[in-house]
Every structure is written in C-alpha cells, then in structure tokens.
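Below is one structure, written out as structure tokens; the observations come after it.
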Amino acid sequence: MSYTPTEWRTVEPFTQKASEQAQAHPERRDLFLCHAWDDREGSAKELYSHLKSNGASVWFSEVDLPLGSLMIREIDKGLRNSRVGIVLVTPALLKSIEAQGVAEKELAVLLSTRRVIPVLHEVSFNDLNDVSPMLASHAGLSTKESSLDSVAAKVAAAAAALAA
C-alpha cells in the first residue's frame with residue numbers, strides 16, 4: 001500500500017496509537033464507522049465492505065445493532081469498544097450534524113477521544129469546516145482524487161498494524 005506524504009502524516013499517528021490500544025485491549029474492533037443515516041445503504045455500506053475486505057474489523061450500525069436493542073446504548077458500546085473512529089463525511093452527514101442527529105452525538109464522542117479520521121466523500125474540507133471546524137482540524141482522507149475503495153484500503157492497511 002502506498003501513501004502520499006500527506007496521507008501518511010494522517011494515518012501514521014493513528015497506527016501507533018491503535019497498535020498500543022490493540023496490545024492493551026485485544027477484544028476491541030479496529031474501527032468504528034460513523035455515518036449519516038441516509039448513507040447507510042449507500043456510501044457507508046460500500047466503505048464498510050471495502051474496509052472488511054481489506055482485513056479491518058469494523059463496528060457498523062447496519063450490522064451490529066441487534067433487532068429490538070436500544071440503539072443509543074449499542075452505539076455507546078461500539079464507540080467504547082473501537083480503537084479508532086472513521087467519520088464518513090458526506091452531504092448527508094453535514095446535514096445530520098447541523099440537525100444534531102445521532103451522527104452528531106457519535107462525532108462529539110469521537111472528537112473527545114482524539115482518535116478520529118475523517119473520510120470525505122463528495123464534500124470538501126471547506127464544506128466540512130463550515131459545519132464542524134473541530135472535525136475539519138483533523139487530518140483526513142478524501143475520495144476527491146481516489147476511489148472510496150482506495151481510501152478504505154489505506155485506512156485498513158493502517159489498521160492492519162493494530163494486531164502487530
């Protein structure tokens with residue numbers, strides 16, 4: 001897997017932190033996928049599939065929320081039991097943040113952990129900065145110049161260092 005220098009500066013610190021987390025908490029998932037509800041059957045599901053096919057263990061609400069469970073409680077467990085948060089930033093997520101939906105609450109938790117990587121899809125960092133300057137201040141990856149599959153492979157490759 002090759003990274004641009006900017007991409008490596010983005011993922012390298014998470015690789016180190018996550019590796020330490022993996023040794024201390026082997027039962028945790030590599031990644032928590034934060035996404036807008038409207039993206040669950042589209043880009044979020046696609047990103048989840050790409051991450052999984054590249055070997056990352058991922059908490060994804062569409063798979064990990066048991067029927068009849070209390071959604072907020074299960075999300076809380078998923079956040080607690082994941083090493084790094086991936087925030088799929090799309091136009092729908094920006095709307096959800098502004099409306100203070102569930103994704104906005106997940107984002108607040110992830111920002112407090114300092115273990116969050118934004119993945120921008122169909123939006124720019126300027127768009128994100130207009131809605132969430134705190135998330136925009138985190139280095140992230142974008143599908144502007146590469147595919148969602150390629151971005152997922154880079155995140156999963158960094159996550160692969162978790163078990164090392």
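Using the average count of surrounding beta-carbon atoms within 10 Å as a protection proxy, the listed peptides 124-133, 87-96, 44-53 rank, highest first, as 87-96, 44-53, 124-133. Summing Cβ point charges (Lys, Arg +1; Asp, Glu -1) relative to the Cα centre of the range 34-164 gives a dipole of roughly 580 debye. Which residues does the label zone of Ser147 cover in the range 40-69, counting backbone N under 12 Å from a point 7 Å along Cα→Cβ? Flagged as within label range: 50. Can you tell me the accessible area per residue over the range 50-164, all protein chains present, probe 1.4 angstrom, in square angstrom? Heavy-atom SASA per residue in the range 50-164 reads 47 Å².
Compute the distribution of all C-alpha to C-alpha distances in the range 75-152, in bins of 10 Å from 0, and list the percent of pairs in each, rounded to whole numbers. Pairs per bin, as whole percents: 19, 54, 26, 1. For the range 100-164 versus the range 28-71, the spacing of their alpha-carbon centroids is 14 Å. Expressed as a whole percent, the accessible surface of the range 95-137 that belongs to carbon and sulfur atoms is 48, based on a 1.4 Å probe.
The values are calculated or read from the model by the stated rules, or taken from the named source; none is laboratory data. Source: prediction; values computed, not measured. As a convention, Cβ positions derive from the backbone with ideal geometry for all residues, glycine included, and neighbour counts pool all protein chains shown. Keep in mind that these areas ignore ligands, DNA and RNA; they rest on the heavy atoms of the full protein, side chains included. Shrake-Rupley method; radii C 1.70, N 1.55, O 1.52, S 1.80 Å.
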